[in-house]
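Everything below concerns the one structure shown next.
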Amino acid sequence: MSGAQLARSRPRVTIGRVSPVEIVLWSLRILVLFVVFAGTIGAIVKDRYTAAQWFDFVMFGLTIGAIYAQIALGYTMVYGVLRLINFAHGDIVMCGAFAGYFVASPLDRSGFLTQHPVMGMTAILAVAIVTSTVIALLTERIAYRPFRRVSGSGPLIAAIGVSFFLEQTFRGMFGSSVKSYPEPSWQRSTFGVWGFNVPRIDVLVIGLAIIFMAGLYLIVQRTKMGTAMRAVAEDAEAAALMGIDVDKVVVFTFTLGGAMAGIAGVFYAFVYKQVYFFMGFTPGIKAFGAAVLGGIGSIPGAMVGGVFLGLVESVGPSLFLDGLGIPAPYQLRDLIAFTLLIMVLIFRPNGIFGERMAKQRA
Amino acid sequence: MRRIGIGRTGAWVTWRRTALVGLAFGAGALHLAAVGVLLMLHQRWIVIDTLSLGQATVLLLAAGAGAMAARGDGSRWLQGALGGVCAVLPLALLSRAMDALTLQPIFIALSPDLQAMLTLGLPPAAATPALLALGAVAGLVGAGLRAAPRLSRALLPGAVAVLVAGVFQELIQLMLQQYEGPIGAVRDFVYTWEGLTQEGAITVFLVVTLLAQLFGRATQGRVAAMEPARRRQIWAGIALAVIVVLPAVAGSYIGQVLMLVGLYILMGIGLNLEVGLAGLLDLGFVAFFAVGAYTTALLTADAPNALMHLPYWAAMPVSVLLAVCVGVLFGLPVLGVRGDYLAVATMGLGEIVRVIVLSDFGAPLLGGAQGVLHIPKPQLGSYTLSSPVALFYLTLVAAAIAAFIAWRLENSRLGRAWMALRDDEDVAQALGINLVRSKLLAYGLGAAFAGLAGSIFATMLSSVYPSSFQLLISINVLALIIVGGMGSLPGVILGSVVLIGLPELLREFGEYRYLFYGAVLVVMMRLRPEGLWPSDVRQRELHAGDETAALDAGADLLPARE
C-alpha cells in the first residue's frame, strides 16, 4: 500500500524549492484554463453563432457522446476484468460499421430501408452486433488469452498488433476506399422542438444508445454473470477461489463489449455517413479517454465520460477556440479531444468517479 | 483401437486435435486468400511455370499442418495427411463458393485470378479433389520431415536457397546484369527474365545441398564450439560488411532501400533508449521525427514559408537540438504517467502534433497539407550529396555515431539507472535514482536521434508533408525494436533490415506490410518476447525460471500467418 502511494506521489513541492516539473504542470493547467475562460468570454463577446447553431452543436455533441459512451463501455469493462487496454476495441467498432454497411447498402438500394425503417435498422444492428462480437471473441481467444498472466507491456503491444491486423485485414478484403453509407430519407428529416430543428438520426442514436446502455447496466447489475463479472473486476483471484470461472467471465465481458462496439460502429457510420478501414482508430482513442475520465472500470463513469467528451469536442471549437480568434477552429476538434485525454491521464488518472476502484490499481 | 474402452475416446480426441490443427492452418490460408496476399504471392514465380510463391505458401502451410498434426502414436502418416487436407479444405470450399456466387463485389480480393489459382486450371469437378490431394501429399511430406529430422535438416539449406534465389530474382538479376562471361552464362542458365528456370532451380538446390553437406558439418561444429558472444560478433561483422559494401556495388535502388533501413535504425536506436532501456512505452515518437524534418525544412528550404536559407550542415544541429527540446517538453507533463497510460498519453501527444501541422492554425508557418518544398541537398565542399547512395553513407555515419553513443550509454551510470527504472520505478527511486532527470534524459536523447533521422529524411525527399508523419511510423519503429529485441542494439539493426528492408525489396508486398506487422507483434510477444536478437540482460530475465514463453502452451491455436 505504501508502495502504491509512493508511486503516485510526484516530486513534492517543498517550501523554498519548487520543482521545475511542478512549474510545468501548473503552467499547463493555467494555459488550459486560460484557453477555456478567455475563449468562452471571447465567444460571448463576439456573439458569432445563433442560438440555433449552439443547439446544433450541443445536439451533435450528445449524439457523438452517446456513441463514445458505448465504445468506452467496452474499454472500461475489459480493463476492469483483465487490466488490459484493449487497443483493438476501436477496430471492433470498425468491423461493426462495415458489417452494417454491407447490409444497409443493398437494403437501401432495394428501397426496403426507406419503407420499413424499423425492420431495416434491426437487421443492420443485428448483423453488426453479431460480427463485432464474434471478432471480439476471436481476438480474445487468439491474441489476449495467452497473455493473461503476463505483466509488463507485452499485452498492450499484442493489442496494438491486433489493431493493425484487423485494420489491414479489412483493407485487404474490402479495399482502402472510403465507402459512403446509405442515407434513407427518414434519416435526413428533422422535426421542430421549441423552435429548434432536431435531426431524427440524432434522436434515434441517443434514444437507442440509452436503451442499450440501460440494458447493459441491468445485465451487469442483476444477472448472475454480471455479478460474477463485477466480482472478477474487484479481485480476480478471490473470485476464482469462490468458484467463478474467470474464462467464462472474460468471454462474457468481450461479448458485451463487442456488442456495444457493433452498435456504436453502425451509429458512428450513420452520423459521419462513411466507412473505411481506419475509421475505428480515432473514436477508439477518444473513447478510451472517456473511459479514463469517468474512472476506468466504472460503467456509469464510462457513460458520463463519453457524453462529456462528445459535448466538449462538439461545442469546444466554437466556444474556446473561435473566441480566441483561431482560424478554422473545427479542424482542431481532435486537438481538444486529445488534450482532454492527456490532461485526464496526467492530472486525474483515477477519473471522476473511479476513485474507489482505481485506488487498488494505480 | 488398442484399448477399446478408453481407446475410442482417446482416438476421438487425437483425431479432433489433428483436424483442429489442420483447420487452424487452413484458417490462416483462407485469411491470406481473402485479403489478397495469396494472389499477390501467386504472381511471383519461384520456378518459372512450375511453382509460384503463392502455391509454395499453400503447400508450406499444408506441410506445416501435417508436421504439427503428426503426433506419432502409430498412425502418424494418416494424421499428417488429414492435417494437410484440413489445411487446404477452407480454400477448396472457398473455391466452390466462388463458383456458385459472385463474391467479388464485396470481397475485392476474390477475383477470377484467385479462382484460377485455386482450381489449378482444372475444371471445377476435378479441381477440389486435386487440391485436397495436394494438401494430403504436402501433409504427408510434412509428417515425414518431422519423423526424420536429420533428413529435413539436410534438405533445408537447399530449399531455402531456391526460395531466396526465386523470391529475390529481380534483385539478384539486377546485380548480375553488368557481368558477362562465365557469370553471365551461369545467370542465363539459372534465370529467365521472370524467375528461376526448372533446371536452374534443381541445380541451385543440388549445389547448395551438396555444399551444406560438405562444409556444413565442419562449420557447424566450429560455430557451436565458439562462445555465443564471439559468434554474434562474427555475425554482426558480416552484416556490417554487407551493409557498408552492398550499396556501392549494387546501385541506387539498393542504396535507397538501405538508406531507409538506416533511417529506421537511427530512430530505432532512439526509441530503444526510451522503450528498451528506460521502459517508457512511447507511441508519439513520430513527433520528434517530424520536428527534426520540419526544422531542417524551414531553415534550409527555398520556399516562401522558410525562415532562413542556411546550409544543411548548420540546420542539422539545430534540428536535433529542437527535437531534444520537444522531447523534454513531451516528457515533462507525462513524467507521472505510468505503463499503459503512458503509451496512450504519448500517442495523444503525437496526434496533437499532427493535427496542428495539418490545420489552418499552423499553416502559415508549416505549409498545411502542402508542406514545405525545395529542400536543398547537403554539400560536402563542392560535392553535393544528391544520389541515394551518397545519402545512404550519410545515414550510415549518423547511425554509427548513434549506435556508438547508445552502446556507451547502455553500460554507463545513466544506462543502469534507466534499466533500474524499467524494472521497478519505486525501487529505483528508493535507491536514489533521480526519476525526473533519468526520464527526461531518456526522452531527450531518444528525441535527438529521431530528430537527426527526420533531418536526413527531409533532405532525402527534398520536401516534407504532414502525411509522412503518421502514427504508423511510431508503430514501425516499435515493431522493429520488438522483433529485434528490446534493449538490444544489434536487434535494432536486424529488426530494421527484416521489417523495413524486406518489404521494400518485395515491392508488391509493401501494401500488406502493416498486416504483417500486426501479426508479427502478436506472434513475437507470444513466442519470443525477448526478440530475435535479445540483449543478454533481457534474455536472462525472461528465461530465468520465469515461464513467460511457455505460458499456456496448450491453449495455442494461433497459426503462424505469413
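Just give me the residues in region B:307-335 being more than 26 Å from residue B:375 (Cβ to Cβ) and buried (at least 22 other Cβ atoms within 10 Å of the Cβ), in sequence order.
B:331, B:334
Here is a list: A:267, A:308. Which entry is away from every other protein chain (no Cβ under 14 Å), of a type outside the set (A, V, I, L, M) and either more than 12 Å from the chain's Cα centre (by Cα) or within 28 Å of residue A:140 (Cα to Cα) (or both)? Spell out how you get there, then give the answer.
Values: A:308 fails: either more than 12 Å from the chain's Cα centre (by Cα) or within 28 Å of residue A:140 (Cα to Cα) (or both).
Only one candidate passes the filter, namely A:267.
Name, by its number, the condition in (1) farther than 30 Å from residue B:368 by Cα; (2) modelled with pLDDT of 80 or more that does not hold for residue B:550.
It fails just one condition, (2).
Which of the helices (runs of 4 or more DSSP H) contained wholly in region B:317-424 include at least 1 residues that are within 14 Å of chain A (Cβ to nearest Cβ), farther than 23 Å from residue B:473 by Cα and under 26 Å from the mean Cα position of the chain (by Cα)?
The helices (runs of 4 or more DSSP H) meeting that bar are B:413-423.
State all residues of region B:136-155 that are touching a residue at least 12 places away in the same chain (Cβ under 8 Å), open to solvent by 40 Å² or more (accessible area, probe 1.4 Å) and hydrophobic (A, V, I, L, M, F, W, C); if no residue qualifies, say none.
Hits for region B:136-155 are B:137, B:140, B:141, B:145, B:147, B:155.
Let me confirm something: among A:315, A:292, which residue is farther than 25 Å from residue A:79 by Cβ and in contact with a helix residue (DSSP H, G or I) (Cβ under 7 Å, 6 or more places away or on another chain)?
Values: A:292 fails: farther than 25 Å from residue A:79 by Cβ.
Matching residue, one of A:315, A:292: A:315.
Of B:479, B:399, B:406, B:450, which residue is within 28 Å of residue B:237 (Cβ to Cβ), surrounded by 21 or more Cβ atoms within 10 Å (Cβ to Cβ) and either at pLDDT 90 or above or not assigned by TED's automatic domain parsing to the domain that holds residue B:278 (or both)? Can you show your working first?
Working: B:479 fails: either at pLDDT 90 or above or not assigned by TED's automatic domain parsing to the domain that holds residue B:278 (or both); B:399 fails: either at pLDDT 90 or above or not assigned by TED's automatic domain parsing to the domain that holds residue B:278 (or both); B:406 fails: either at pLDDT 90 or above or not assigned by TED's automatic domain parsing to the domain that holds residue B:278 (or both).
That would be B:450, the only listed residue that is within 28 Å of residue B:237 (Cβ to Cβ), surrounded by 21 or more Cβ atoms within 10 Å (Cβ to Cβ) and either at pLDDT 90 or above or not assigned by TED's automatic domain parsing to the domain that holds residue B:278 (or both).
Looking at A:201, A:206 in this structure, which one is surrounded by 13 or more Cβ atoms within 10 Å (Cβ to Cβ) and modelled with pLDDT of 85 or more? Can you show your working first?
Values: A:201 fails: modelled with pLDDT of 85 or more.
Matching residue, one of A:201, A:206: A:206.
Condition check: in the same structural domain as residue B:44 (by TED's automatic domain parsing) and open to solvent by 30 Å² or more (accessible area, probe 1.4 Å). Does residue B:133 satisfy that?
On the way: in the same structural domain as residue B:44 (by TED's automatic domain parsing): yes; open to solvent by 30 Å² or more (accessible area, probe 1.4 Å): yes.
So residue B:133 fits the description; yes.
Please name all residue pairs, on different chains or six or more residues apart, with Cβ atoms under 7 Å, provided the first residue is in region A:192-219 and is within 17 Å of residue A:120 (Cα to Cα) and the second residue is open to solvent by 30 Å² or more (accessible area, probe 1.4 Å).
Sorted first by the residue in region A:192-219, then by its partner, the pairs are A:200/A:186; A:200/A:189; A:200/A:190; A:200/A:191.
Conditions tested, residue by residue: (1) within 14 Å of another protein chain (Cβ to nearest Cβ); (2) at pLDDT 80 or above; (3) assigned to a helix (DSSP H, G or I).
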site	(1), (2), (3)
B:16	no, yes, yes
B:22	no, yes, yes
B:25	yes, yes, yes
B:34	yes, yes, yes
B:40	yes, yes, yes
B:49	no, no, no
B:55	no, yes, yes
B:63	no, yes, yes
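Output the number of the condition that residue A:235 fails; it satisfies all remaining conditions of (1) over 22 Å from the mean Cα position of the chain (by Cα); (2) of a type in the set (Asp, Glu); (3) modelled with pLDDT of 85 or more.
For residue A:235, the exception is condition (3).
Tell me, yes or no, whether region A:156-174 has at least one residue that is more than 23 Å from residue B:514 (Cα to Cα) and either among the acidic types (Asp, Glu) or within 14 Å of chain B (Cβ to nearest Cβ) (or both).
Going residue by residue through region A:156-174, those that are more than 23 Å from residue B:514 (Cα to Cα) are none.
Looking through region A:156-174, none of the residues is more than 23 Å from residue B:514 (Cα to Cα) and either among the acidic types (Asp, Glu) or within 14 Å of chain B (Cβ to nearest Cβ) (or both).
So how many residues does region A:253-288 have that are part of a helix (DSSP H, G or I) and open to solvent by 40 Å² or more (accessible area, probe 1.4 Å)?
Qualifying residue count for the region: 2.
For the list (1) over 29 Å from the mean Cα position of the chain (by Cα); (2) among the acidic types (Asp, Glu); (3) within 28 Å of residue B:249 (Cα to Cα), I need the number of the one condition that residue B:194 fails.
Condition not satisfied by residue B:194: (1).
When residues of region B:76-95 are filtered for being open to solvent by 10 Å² or more (accessible area, probe 1.4 Å), touching a residue at least 60 places away in the same chain (Cβ under 8 Å) and closer than 17 Å to residue B:144 by Cβ, how many remain?
So the count comes out to 5.
Hey, among A:134, A:127, which residue is touching a residue at least 24 places away in the same chain (Cβ under 8 Å) and within 18 Å of residue A:268 (Cα to Cα)?
Numbers: A:134 fails: within 18 Å of residue A:268 (Cα to Cα).
It is A:127.
The values are calculated or read from the model by the stated rules, or taken from the named source; none is laboratory data. The model shown is predicted, which means the values in this text are computed figures rather than measured ones. As a convention, Cβ positions derive from the backbone with ideal geometry for all residues, glycine included, and neighbour counts pool all protein chains shown. Only protein heavy atoms, including side chains, enter the accessible area calculation; ligands, DNA and RNA are left aside. Shrake-Rupley method; radii C 1.70, N 1.55, O 1.52, S 1.80 Å.
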